[in-house]
Amino acid sequence: MTVTVTPTNHTEIDDCDAETYWTINGIDSDTDVYKEGSQSVCGIMRASGDNDATCEPAASIDMSGTKHMRIWFLSTVAALLNVKASGGIQFWASDGSNTGYWYVGGSDTYEGGWINLVADLSADVDAGTKPTNMNAITSCGIRTNMTASGKNAINTWIDYFHLADGLAVYGDDGGGYFDMEDIYQIDTTPSTGGWGIVRKIGGVYFLNGELVIGDSAGTNSCKFQAKNQTIVFEDRDVNASLYGIEAVDNGTGTTECIMGEKSGSVGINGCLVQSESSSQSALWYIDGKTDTDVDNFKLYGCTFIDCNSIKFPSSATYVEILSCNFIGCGAVQVDTAITKYCQVISAVDVGIQIDSTSHNMSDCSFIDCPHALYFSTTGTFPVSGCTFSGGDGSTKYDAENPNNSTNYDSHATGGSDQVVGNDTIYAAGQSFTGTGGTLSRARLRLKAVASPTGNAVCKIYASTGTNPNRTPTGTALATSNTVDVSGIGAVYEDVDFEFEDEYALVNGTTYFLVLEYDGNSSNYLHWEYDNANGDTSNNAATYTTSWAAQSGNDMRYNVYTGGIVKLTLSNGSNPSYDDNSGTPPGATIMPTSVPITITVIDKDTRSVISGVQTSVFLLNSPYTQLMNEDTNVSGIAYEDYTGSYPVDVVVKTRKSDDLDDPRYKPDSSVQQITASGLTLTVSMKQNPILA
């Protein structure tokens with residue numbers, strides 16, 4: 001099989017191998033200077049002001065929809081052209097009634113030589129009136145606007161006038177892989193291509209159209225692998241959604257779309273793919289997901305800059321993203337693809353989108369991302385070996401949970417002020433009964449009196465008594481995160497308290513939602529309530545020295561369930577900030593883990609010792625075992641700890657089995673796990689076996 005390259009969404013207007021359909025001052029043909037076929041059309045554009053080259057094809061041309069007009073252009077009077085903003089070089093099209101002009105170049109963008117000009121015909125025109133019937137264009141062409149008159153000599157060449165959005169490629173290179181050089185050679189050879197969609201400058205491949213890899217319409221296979229190649233999507237007048245690298249398949253053949261190569265478990269020799277300018281309107285995308293047949297999509301050691309979006313196939317068996325850098329990109333949608341050792345830097349918004357609890361993303365770094373991880377569904381998600389930096393909990397978050405919670409129970413009216421935290425009333429609550437679900441958050445209608453400081457907290461208690469004399473009882477069943485009351489204003493507002501206890505509310509059971517705050521007699525909170533006995537099945541209560549039911553009163557509140565994303569952290573993962581953006585928001589459970597790393601060495605030889613039984617226990621009750629494993633070949637035992645700190649622990653090491661040679665004296669010491677974890681080197685003394 002050979003490499004096949006064809007233009008996408010293609011219509012030929014004229015190949016310019018004859019002058020039949022053209023009108024231009026001094027028209028002639030040139031069999032020596034051309035880009036496609038066997039010749040070009042040339043002429044004289046010398047007048048100050050507008051100069052037209054007109055093509056009137058044998059039949060009308062459909063230019064409707066999102067299509068791109070292209071033509072090869074060469075001028076020897078580039079310095080006399082007006083600037084692009086003033087229409088130095090223009091495409092134009094007419095339906096016989098209206099003629100529209102698209103500005104595509106000028107003296108400030110055209111430096112001479114052959115250039116493949118392109119215009120997005122779906123865009124508004126820069127001058128004239130856009131044809132009403134874009135599906136029936138009867139004449140079209142190219143116009144130059146000159147600032148002064150030129151010499152009366154041939155100075156303009158045009159070749160291969162056509163519509164095309166990009167290139168579709170498939171096949172193989174004699175059984176092996178083809179790459180960007182093969183595509184470039186076919187496009188730039190007059191007898192095989194001449195479309196002008198890829199050009200090469202200084203070893204860099206510049207694209208001004210989409211690149212579709214694979215044969216979606218037939219049965220052919222495709223073997224594409226680019227290594228150490230640079231691809232740049234040009235800042236040109238194309239549709240904002242045109243640029244992309246898309247992998248497609250047909251379910252019969254096999255499409256292999258690979259950049260870089262794999263060495264062991266890492267990616268090397270990857271490609272650099274970027275936009276010419278981060279400010280250009282047409283950024284680019286990678287799509288290996290739209291076609292569900294794609295199953296061999298691999299990116300190794302690549303760097304992607306200013307990529308609008310990146311979508312990977314769902315198959316984790318033949319899909320890998322290893323050791324790649326994503327800089328200033330849109331969301332990387334990994335699905336269940338194996339994704340490891342990647343860096344996501346300064347994402348536009350979302351770094352990596354996680355769509356499944358069975359994802360295979362791990363060991364990645366996230367730096368200065370507005371939302372490093374985005375969880376499109378609820379559930380429990382493992383996060384292993386991922387580090388996060390640059391988060392601030394205000395504009396940059398380590399995790400975003402966009403999932404909506406469900407209103408479990410509420411009371412929506414108010415009008416009266418319930419004091420909380422004024423040295424007399426320390427807490428207030430509202431009983432509620434709902435329909436089950438896992439508690440995620442509560443929303444209270446609060447305002448500040450004077451300038452309270454410190455933290456308030458919500459808790460869920462069991463209820464005792466019967467309506468209208470219910471009160472909270474027992475110890476708290478669930479406790480929310482704390483809220484800094486200094487951020488609460490003097491006018492009633494909704495204040496959210498997030499619960500991360502995963503407490504399941506039992507269907508039909510009555511609970512109490514309680515607000516606790518310890519202020520003073522001058523600085524406290526008001527919780528809005530309704531004294532019209534709006535909820536006849538529940539009632540409010542207040543706490544001074546004991547709980548007292550407030551018969552006929554109902555606090556203004558909402559209790560929400562569901563919309564919960566839970567992260568299980570391991571191997572040093574350190575997310576700190578979450579953003580719950582649902583309507584209403586759910587909750588993100590994000591325990592903080594820190595590493596325990598124990599390295600064991602020989603006290604005399606200073607060499608590491610493998611196979612040492614290493615255990616870590618809490619020093620005090622309940623004496624929980626936190627680690628129990630042998631050191632590896634590097635003499636290291638590693639475990640993640642999730643819990644409160646600082647906390648005192650006992651570290652024990654032992655290698656004294658009858659079969660061990662040499663044997664070592666057991667070691668035990670008291671250490672402390674802090675906010676940075678526990679890193680300890682243990683020196684063990686040999687204990688020779690007596691004869």
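The values are calculated or read from the model by the stated rules, or taken from the named source; none is laboratory data. Owing to the predicted nature of the structure, the values given are computational and were not obtained by experimental measurement. As a convention, Cβ positions derive from the backbone with ideal geometry for all residues, glycine included, and neighbour counts pool all protein chains shown.
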How many residues, within the range 589-605, are assigned to a loop (DSSP other than H, G, I, E, B) and touching a residue at least 40 places away in the same chain (Cβ under 8 Å)? 5
All but one of (1) modelled with pLDDT of 95 or more; (2) more than 30 Å from residue 451 (Cβ to Cβ); (3) buried (at least 22 other Cβ atoms within 10 Å of the Cβ); (4) not β-branched (Val, Ile, Thr) hold for residue 477; state the number of the condition that does not hold. (3)
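So, of the residues in the range 428-474 that are part of a strand (DSSP E or B) and among the β-branched types (Val, Ile, Thr), which turns out to be nearest to residue 510 (Cα to Cα)?
Initial filter on the range 428-474 (part of a strand (DSSP E or B)): 428-433, 437-449, 455-464, 471-474.
Retained after the next criterion (residues that are among the β-branched types (Val, Ile, Thr)): 433, 438, 449, 457, 460, 464, 471, 473.
Working: 433: 5, 438: 15, 449: 31, 457: 20, 460: 10, 464: 9, 471: 11, 473: 11 Å.
My answer is 433.
Going by the conditions given, is residue 377 surrounded by fewer than 16 Cβ atoms within 10 Å (Cβ to Cβ) and either touching a His at 6+ places or on another chain (Cβ under 9 Å) or not acidic (Asp, Glu) (or both)? Even if it seems obvious, please write down each step before you answer.
Values: surrounded by fewer than 16 Cβ atoms within 10 Å (Cβ to Cβ): yes; either touching a His at 6+ places or on another chain (Cβ under 9 Å) or not acidic (Asp, Glu) (or both): yes.
Here the answer is yes, as residue 377 does meet what is asked.
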So which pairs qualify, if the first residue must be in the range 642-657 and over 16 Å from residue 620 (Cβ atoms), the second must be at pLDDT below 85 and hydroxyl-bearing (Ser, Thr, Tyr), the Cβ gap must be under 6 Å, and the two must be at least 6 apart or on different chains? 642/593
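Could you tell me whether the range 662-682 includes any residue that is at positive phi and at pLDDT 80 or above?
Step one: list which residues in the range 662-682 are at positive phi, which gives 677.
From what's left, at pLDDT 80 or above: 677.
Yes - at least one qualifying residue is present in the range 662-682.
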Checked the range 81-103 for anything of a type in the set (D, E, K, R) and farther than 20 Å from residue 235 by Cα; matches are 95
Of all residues in the range 237-267 being crowded, with 16+ Cβ neighbours inside 10 Å and among the β-branched types (Val, Ile, Thr), which is nearest to residue 71 (Cα to Cα)? 238
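State whether the residues of the range 474-484 include one that is under 29 Å from residue 438 (Cβ atoms), touching a residue at least 60 places away in the same chain (Cβ under 8 Å) and not charged (D, E, K, R). I'd like the intermediate steps shown before the answer.
Taking the range 474-484 and keeping what is under 29 Å from residue 438 (Cβ atoms), we get 474-484.
This time we only want the ones that are touching a residue at least 60 places away in the same chain (Cβ under 8 Å), so: none.
No, the range 474-484 has no match at all.
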Check off (1) in a loop (DSSP other than H, G, I, E, B); (2) touching a Leu at 6+ places or on another chain (Cβ under 8 Å); (3) more than 19 Å from residue 426 (Cβ to Cβ) for residue 532 and give me the number that stays unchecked. (2)
So how many residues does the range 606-626 have that are surrounded by 12 or more Cβ atoms within 10 Å (Cβ to Cβ) and within 24 Å of residue 686 (Cβ to Cβ)? 9
All but one of (1) of a type in the set (Phe, Trp, Tyr); (2) assigned to a loop (DSSP other than H, G, I, E, B); (3) surrounded by fewer than 21 Cβ atoms within 10 Å (Cβ to Cβ) hold for residue 195; which doesn't? (3)
Hey, could you check the range 411-424 for residues that are touching a Phe, Trp or Tyr at 6+ places or on another chain (Cβ under 7 Å) and either at pLDDT 95 or above or surrounded by fewer than 19 Cβ atoms within 10 Å (Cβ to Cβ) (or both) and say which is nearest to residue 515 (Cα to Cα)? 420
Within the range 259-279, is even one residue part of a loop (DSSP other than H, G, I, E, B), of a type in the set (Ser, Thr, Tyr) and either touching an Asp or Glu at 6+ places or on another chain (Cβ under 7 Å) or not assigned by TED's automatic domain parsing to the domain that holds residue 311 (or both)? yes
Got a number for residues in the range 559-578 being crowded, with 21+ Cβ neighbours inside 10 Å and either of a type outside the set (A, V, I, L, M) or in a loop (DSSP other than H, G, I, E, B) (or both)? 6
Let me confirm something: among 125, 118, 104, 169, which residue is assigned to a loop (DSSP other than H, G, I, E, B) and of a type in the set (Val, Ile, Thr)? 125
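Let's see how each residue does on (1) farther than 21 Å from residue 585 by Cα; (2) of a type in the set (A, V, I, L, M); (3) surrounded by 21 or more Cβ atoms within 10 Å (Cβ to Cβ); (4) touching a His at 6+ places or on another chain (Cβ under 7 Å):
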| residue | (1), (2), (3), (4) |
| --- | --- |
| 444 | no, yes, yes, no |
| 492 | no, no, no, no |
| 503 | no, no, no, no |
| 506 | yes, yes, no, no |
| 519 | yes, no, yes, no |
| 534 | yes, no, no, yes |
| 556 | no, no, yes, yes |
Residue that is nearest to the chain's Cα centre (by Cα) [pool: residues in the range 662-685 that are farther than 27 Å from residue 642 by Cα and assigned to a strand (DSSP E or B)]: 684
When you look at residue 109, is it of a type in the set (S, T, N, Q), over 20 Å from residue 164 (Cα atoms) and not in a strand (DSSP E or B), yes or no? yes
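For the range 127-159, what are the residues that are within 22 Å of residue 282 (Cβ to Cβ) and crowded, with 20+ Cβ neighbours inside 10 Å?
The initial filter retains those residues of the range 127-159 that are within 22 Å of residue 282 (Cβ to Cβ), namely 127, 130, 134, 142.
Within the range 127-159, just 142 meets the criteria.
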List every residue pair whose Cβ atoms sit under 9 Å apart, with the two residues 6 or more apart in sequence or on different chains, where the first one lies in the range 68-89 and is at positive phi and the second, anywhere, is assigned to a strand (DSSP E or B) and not polar (S, T, N, Q). 87/50; 87/101; 87/103; 87/127; 87/143
Picked from the range 207-226 (must be over 15 Å from residue 184 (Cα atoms) and assigned to a loop (DSSP other than H, G, I, E, B)), the residue nearest to the chain's Cα centre (by Cα) is 214
Restricting to the range 585-605, what's the tally of residues that are crowded, with 18+ Cβ neighbours inside 10 Å and closer than 30 Å to residue 444 by Cβ? 6
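In the list 394, 314, which residue meets the criterion of being assigned to a loop (DSSP other than H, G, I, E, B), more than 14 Å from residue 577 (Cα to Cα) and of a type outside the set (Asp, Glu)? Give the derivation first.
Details: 394 fails: more than 14 Å from residue 577 (Cα to Cα).
Of 394, 314, the one residue that is assigned to a loop (DSSP other than H, G, I, E, B), more than 14 Å from residue 577 (Cα to Cα) and of a type outside the set (Asp, Glu) is 314.
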Could you go through the range 163-183 and let me know if any residue there is farther than 23 Å from residue 93 by Cα, more than 30 Å from the chain's Cα centre (by Cα) and among the hydrophobic types (A, V, I, L, M, F, W, C). no
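What are the residues in the range 385-408 that are surrounded by 24 or more Cβ atoms within 10 Å (Cβ to Cβ) and of a type in the set (Asp, Glu), if any?
Quick first cut of the range 385-408, residues surrounded by 24 or more Cβ atoms within 10 Å (Cβ to Cβ) only: 386, 388, 391, 397-401, 405.
Once the filter is applied, which keeps residues that are surrounded by 24 or more Cβ atoms within 10 Å (Cβ to Cβ) and of a type in the set (Asp, Glu), the range 385-408 yields 398, 400.
Might you check whether a residue that is among the charged types (D, E, K, R) and on the phi > 0 side of the Ramachandran plot occurs anywhere in the range 501-514?
Of the range 501-514, the ones among the charged types (D, E, K, R) are 501-502.
Of the ones still in play, those that are also on the phi > 0 side of the Ramachandran plot are 502.
Looking through the range 501-514, at least one residue is among the charged types (D, E, K, R) and on the phi > 0 side of the Ramachandran plot.
Among what's in the range 642-661 and is within 42 Å of the chain's Cα centre (by Cα) and modelled with pLDDT of 75 or more, pick the residue that is farthest from residue 684 (Cα to Cα).
Of the range 642-661, the ones within 42 Å of the chain's Cα centre (by Cα) are 642-649, 651.
Keeping just the survivors that are modelled with pLDDT of 75 or more gives 642, 646-649, 651.
Working: 642: 28, 646: 26, 647: 24, 648: 22, 649: 19, 651: 13 Å.
Only one residue fits best here, namely 642.
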Identify the residue in the range 349-381 that is of a type in the set (S, T, N, Q) and part of a loop (DSSP other than H, G, I, E, B) and, among all such residues, is nearest to the chain's Cα centre (by Cα). 376
